[in-house]
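> Here it is: the structure, laid out below.
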Amino acid sequence: MQQDMFQSPDYFLIDELLTEEHKLVREAVRQWVKQEISPVIDGYCQRAEFPSQIIPGLGRLGCFGPTIPAAYGGGGLDYIAYGLMMQELERGDSGVRSTASVQGSLVMHPIHSFGSEEQKKRWLPRLATGELMGCFGLTEPDFGSNPAGMLTYFDDDGDHVRLNGAKMWISNAPFADIALVWAKDPEGKIRGLIVERGMEGFSTPETKGKWSLRASATGELVLDNVRVPKTNILPDARGLKAPLSCLSSARYGIAWGAIGAAMDCYDTALRYARERVQFDRPIGGFQLIQKKLAEMITDITKAQLMNWRLGVLRNEGKATPEQISMAKRNACETAVHIAREARQILGAMGISGAYPIMRHMMNLESVITYEGTHEVHLLITGMDITGFNAFS
């Protein structure tokens, strides 16, 4: 087990754009990752297990719903602080960041944005500490990029509804206490419902055999005539716009997180290139290695600047879903390329669990697909700039 020697690249002095609070938040998460994640994450990945002992620590750090107001148990932080948290968590592992992203952006965000006051007070404080964990049920076996076609539905049953359907590829599902499930009401409108662990007919079988996000718990949501109280329906979520706003929040975190993984790969490759000697000198002295490293830091810097600007726009309420899509797509493409280049610099050692690169590379193959595929985000930008819908 190698010591975590990570040093954050900051070629354009972006730290000068951050507040002291931003830097304190980032440092707290970075040190926690070095102490609690880096020493154990490879073993959990190799065994395909989720390190459940990290949940209380994530809660204490404020990584669950950091932008949720303090009155509901959140951190009341701005979006740049949130982004920096996700960057540092994914620098440790994409699965760890996914756990926090789902809890904050896909469970707490919709409850805060579309829930009743009673729902907010009942659920948000316990979700913020990690006492309760949640998951988000939108994707179905036959409907991923086209969520409007979902088949999950519910019928009226007095003061309850009867919920039927299935969701898949759901992060946190195997251990979640609640699931934020999106389903069609009797009129065909998409609504959000809070389904609780223990409700009859509700089960969450775990997805096995993954080669990616192996330290993250993924599962299905099986909904077989589940009776859900009407008080668990989000009153202000009607139509597809509500779940899509949740995805925008999650995609924003991914834009920062993926660059955290890229930074870790770059830092690992740079350190290795300085130390690995071949032909009587460090390989960092060879032109082709310098080309790879120079292109890595250039691409990281461009993504850092885009993410920072997007954070400013979000803080000002000006960021559009299309801008978030662009940043998510850019970060994922950058990270995947950097991981592959870093693996080549390390040669055979790049596939070893002694280094994080192959783990990041496998994880990023999921990150580049979930919360909207790479191609879908490209077409979102295309539609925004041309005015033409290429989806239909």
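The values are calculated or read from the model by the stated rules, or taken from the named source; none is laboratory data. Because the structure is predicted, anything quoted here is derived from the model rather than measured. So basically every Cβ, Gly included, is an ideal-geometry build from the backbone, and we count neighbours across all protein chains shown. These area figures cover heavy atoms from the full protein model, side chains too; ligands, DNA and RNA do not enter into them. Shrake-Rupley method; radii C 1.70, N 1.55, O 1.52, S 1.80 Å.
> Would you confirm, using the coordinates I've provided, whether residue 322 is in contact (Cβ under 8 Å) with a residue 60 or more places away in the chain and of a type in the set (Asp, Glu)?
So residue 322 passes the test.
> Collect the residues in the stretch 292-319 that are among the basic types (Lys, Arg) and within 18 Å of residue 336 (Cβ to Cβ), keeping them in residue-number order.
Matches in the stretch 292-319: 292, 302.
> Here is a further query. Taking the stretch 58-67 on its own, how many of its residues are assigned to a loop (DSSP other than H, G, I, E, B) and open to solvent by less than 40 Å² (accessible area, probe 1.4 Å)?
5
> List every residue pair whose Cβ atoms sit under 6 Å apart, with the two residues 6 or more apart in sequence or on different chains, where the first one lies in the stretch 150-166 and is surrounded by 13 or more Cβ atoms within 10 Å (Cβ to Cβ) and the second, anywhere, is of a type in the set (Asp, Glu).
Sorted first by the residue in the stretch 150-166, then by its partner, the pairs are 150/140; 162/155.
> Considering only residues that are open to solvent by less than 10 Å² (accessible area, probe 1.4 Å), over 16 Å from residue 304 (Cβ atoms) and among the β-branched types (Val, Ile, Thr), which ones fall in the stretch 223-276?
Hits for the stretch 223-276 are 226, 228.
> Restricting the first residue to the stretch 33-53 and requiring it to be more than 14 Å from residue 354 (Cα to Cα), which pairs with a second residue that is in a loop (DSSP other than H, G, I, E, B) and acidic (Asp, Glu) meet a Cβ separation below 6 Å and a spacing of at least six or different chains?
As it stands, the answer is 34/4, since those pairs meet every condition given.
> May I ask you to verify whether residue 212 is closer than 26 Å to residue 373 by Cβ, assigned to a loop (DSSP other than H, G, I, E, B), in contact (Cβ under 8 Å) with a residue 40 or more places away in the chain and out of contact with any Pro (no Cβ under 8 Å at 6 or more places or on another chain)?
yes
> Among the residues that make up the stretch 277-299, is at least one of them surrounded by 23 or more Cβ atoms within 10 Å (Cβ to Cβ), of a type in the set (A, V, I, L, M) and in a helix (DSSP H, G or I)?
yes
> Here is a follow-up. Of the residues that sit in the stretch 68-108 and are surrounded by fewer than 24 Cβ atoms within 10 Å (Cβ to Cβ) and among the hydroxyl-bearing types (Ser, Thr, Tyr), which one is nearest to residue 123 (Cα to Cα)?
72
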